[in-house]
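Only one structure is covered here, and it is reproduced in the block below.
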Amino acid sequence: MIHRVLLQTQRYAFSVSLVLFGQRLARCPAAFGDTNAVCVICSAWRCNGDVLWHRRIDGTANILYYVLPRWQCAGGYKGCAAVPGMATKLHACFVCSATLVVLLGVCGCTNEELSLTVNGRTRTYLLHLPKTYTGDRPFPLVLALHQFSDTPEGMRRMTGFDEVAERENFIVAYPRGRWRMWRTTAEKNVDDVAFLNALLDELCKAYNIDQRRIYITGASAGAMMAQVFAAQSHRVAAVAAVMGPLERDLADRLEPRVPTPILFIHGAKDPVIPYDGGETFAGPGRPRAHFLSAEENAARWAQWNACEVTPSQEALNPQVTVFRYPCAKRAETVLYKVADGGHTWPGHNNWYPRFIVGPTSSALDATETIWSFFKAHAQ
């Protein structure tokens with residue numbers, strides 16, 4: 001357990017330290033079944049201007065849970081249980097949080113973070129160069145965009161793209177959204193489309209990039225950003241969007257410049273952005289968002305790519321159905337519906353609690369599926 005805590009300390013220590021500063025200890029209310037248990041009572045604390053939301057759940061008669069979805073503990077947040085009859089024992093997650101902060105002093109950063117300046121702001125990213133890269137021949141490039149509230153480090157761990165890049169000989173860049181968010185429209189001097197274009201310029205100058213084989217993928221909000229960038233750029237050979245259909249009003253405004261091959265993966269049990277679309281929470285201080293369904297989103301791209309809007313359907317296995325929209329211009333549009341998947345990256349570890357994001361399917365390896373799609377396309 002300590003080993004797993006060490007691995008995740010870098011990612012959440014800052015948020016955890018703020019939480020610890022703001023938390024106060026109190027005895028559990030009798031309504032939760034044990035007046036002798038010591039619990040952490042939390043409020044909505046702010047980190048870098050973003051609210052760390054919490055929720056209390058009365059699970060069984062003597063268990064009090066609370067959740068801060070913006071950070072996790074020891075390999076995936078399991079919730080926190082009060083300890084019946086033990087007033088001298090601290091709440092399990094308070095101990096875990098304290099451990100994370102203490103261990104911060106002995107955990108070093110193992111990933112190099114690079115930076116560039118865009119519109120007067122410093123923007124950062126992680127870069128993975130496979131061991132086989134020497135600069136003698138051009139390598140494909142994959143941009144991998146993290147989900148809302150996540151980080152490049154989290155995207156790297158969740159997807160496992162580094163391992164695939166070592167085997168398949170491509171470069172991976174993990175850009176960092178400002179304040180852990182992506183802005184599909186420029187606002188307050190933050191232009192993420194400009195950032196991604198500047199990042200491509202930087203990488204193409206510094207490394208021998210095969211500019212016919214530049215790809216972009218993303219998770220959730222990162223998937224939406226990937227679609228917007230592909231629509232506004234002529235530089236992307238293919239796109240892959242996982243658990244991230246477009247907001248309806250954004251899709252109505254979008255006008256892709258060129259047909260672009262695109263792959264979608266979406267879980268039918270997604271509780272955050274439902275497979276069938278509709279209204280959902282868009283983040284602190286933001287109005288509720290109205291999303292296209294996964295199939296509407298794919299059909300919209302099929303139309304933009306001059307494909308047929310009625311797809312063929314194929315059962316890949318009992319849990320995965322593949323929708324293919326036939327296209328005359330090789331800008332194919334494909335949707336993988338994962339019946340047992342939630343708001344998660346299929347086939348890989350996810351860092352958020354199941355009762356918030358739903359189940360993780362093992363019926364499909366999203367990373368391998370994406371790379372297979374990418375390597376079949378070049379500009």
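Expressed in nm to one decimal, what extension gain is obtained for the pair Leu316 and Ala339 from 0.36 nm per residue of sequence separation less their Cα-Cα distance?
The Leu316-Ala339 span can extend by a further 7.1 nm.
Just add up the charged neighbours of Lys269: K/R +1, D/E -1, any other residue whose Cβ is under 14 Å from the Cβ of Lys269.
Net charge in that neighbourhood comes out at -1.
Got the relative contact order for the range 189-286 handy, in percent, Cα pairs under 8 Å and 6 or more residues apart?
For the range 189-286, the relative contact order is 21 percent.
Along the Cα→Cβ direction, 7 angstrom out, place labels at Gln303 and Glu163. What is the inter-label distance in nm?
About 4.0 nm separates the two model spin labels.
Pop out the Kirkwood hydrodynamic radius of the range 113-375 from its pairwise C-alpha distances, inverse of mean 1/r, in Å to one decimal.
This gives a value of 18.3 Å.
Just to verify a number: FRET efficiency for Glu296 and Ala328, C-beta to C-beta distance, R0 = 25 Å, to 0.05?
Efficiency, rounded to the nearest 0.05: 0.70.
With each label point set 7 Å from Cα along the Cα-Cβ vector, what nm distance links Arg137 and Gln379?
2.2 nm
Quick note: the coordinates plus some simple rules give every number you see, no bench work behind them. Treat the numbers as computed from the prediction; the structure is a model and nothing was measured. Glycine gets a Cβ as well: all are built from the backbone with ideal geometry, and neighbour counts include every protein chain shown.
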